[in-house]
1. Would you list 18, 223, 52 from fewest to most Cβ contacts within 10 Å?
2. For labels at residue 45 and residue 231 in the simple 7 Å Cα→Cβ model, what's the distance in nm?
3. Tell me whether the chain comes out rounded, prolate or oblate; compute the Cα gyration tensor, take square roots of the eigenvalues as a ≥ b ≥ c, and use a/c under 1.5 as the rounded threshold.
4. Which of 28, 210 comes first, and how do the rest follow, when ranked by fewest Cβ neighbours within 10 Å?
5. Where does each of 23, 199, 188, 15 land when they are ranked from fewest to most other beta-carbon atoms within 10 angstrom?
6. Can you bin region 171-236 into rounded, prolate or oblate? Criterion: square roots of the alpha carbon gyration tensor eigenvalues sorted a ≥ b ≥ c, rounded for a/c under 1.5, prolate for a/b above b/c, oblate for the rest.
7. Which residue, 58, 185, 44, has the most motion in a Gaussian network model of the chain that connects Cα atoms within less than 10 Å?
8. Classify region 1-43 as rounded, prolate or oblate from the Cα gyration tensor: take a ≥ b ≥ c as the square roots of its eigenvalues, call it rounded if a/c is under 1.5, otherwise prolate when a/b beats b/c and oblate if not.
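Read-outs throughout are calculated quantities, based only on the coordinates presented, and are distinct from any laboratory measurement. Only a predicted model underlies this, so the values are computations on that prediction, with no experimental measurement involved. FYI the Cβ positions are ideal-geometry reconstructions off the backbone, even for glycines, and counts take in every protein chain you see.
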Ligand code: GLN
C-alpha cells in the first residue's frame, strides 16, 4: 500500500518548520510498513486524483498573495477531496485561506476557498510564542504561533481546541483552530505534528480508513521521545 501526501506550496508556505509535519506523517507511516509518496504542489500544477492526505503550511502575507489565484483554481478539486473525508491539515497562512478571506494590515483582501466558515482580518498586534491547547479528541496539543491575523469562527464551526496558553484564533474567545470533516486548520507551527503524535496518527488512520473502507487500528509506536518533546515545549515560557 502507498500513501500519497499532497504538500501545498512548499516553497511559498513553509514557516517555522512546517515541512516537518510532512516528515512526521511519512515516518510514522514508514515505521508501520506503509510507503509514502509526497506530491509537492506548486502554482500551475495539476492535482492527482488519488490523494490520501492534504497538507499546507504557514506563510507571510506576500506568500499568501502569490498562491491566491492557484488556490482558487484548485479549490473545486480540494473541496471535493475534503467533502469525501480526505484528511487535511492546514496551518496559519493556508488555514486563513481555507476560510472566506484574509484581509491584510494594508487593507488588501486575499480571497479564500470557503472550506471553513471563518474570516480573518489582520490585527494591530502580533501574537508570538508557545501555545498549549486542550482538545477533547486529541488531549493536550502544543505548538508555536506567530500571526497578526484574527480569525473568527462562523456559528457552526467547531474549534480544534480551547486555548490554555497563547492567543489562538483571535486572542479573545479562547478558541484555537477549527475543524470541518477530517480537515483541521490551526495556527500551530513548531512543527506541530512531531510532538503531538496522537494528532499525526489521526490523519494516518483517517487516510487508511478512506482507502480500505474499514475502521483501522494503527500499530502502536513507542512515543517516549515525542511525548517528552511536547512536555518540554509546554513548559517553555512564552
Ligand atoms: N500572514 C499571516 C498572519 O500574520 C500568516 C502568518 C503565518 O502563516 N505564520 O496572520
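1. Details: 18 28, 223 17, 52 25.
Result, fewest neighbours first: 223, 52, 18.
2. 3.9
3. Oblate.
4. 210, 28
5. Numbers: 23 15, 199 23, 188 33, 15 19.
Fewest-to-most ranking of 23, 199, 188, 15: 23, 15, 199, 188.
6. Working: a/c = 3.27, a/b = 1.26, b/c = 2.60.
The shape class here is oblate.
7. In the Gaussian network model the winner is 44.
8. It is oblate, given that a/c is not under 1.5 and a/b is not larger than b/c.
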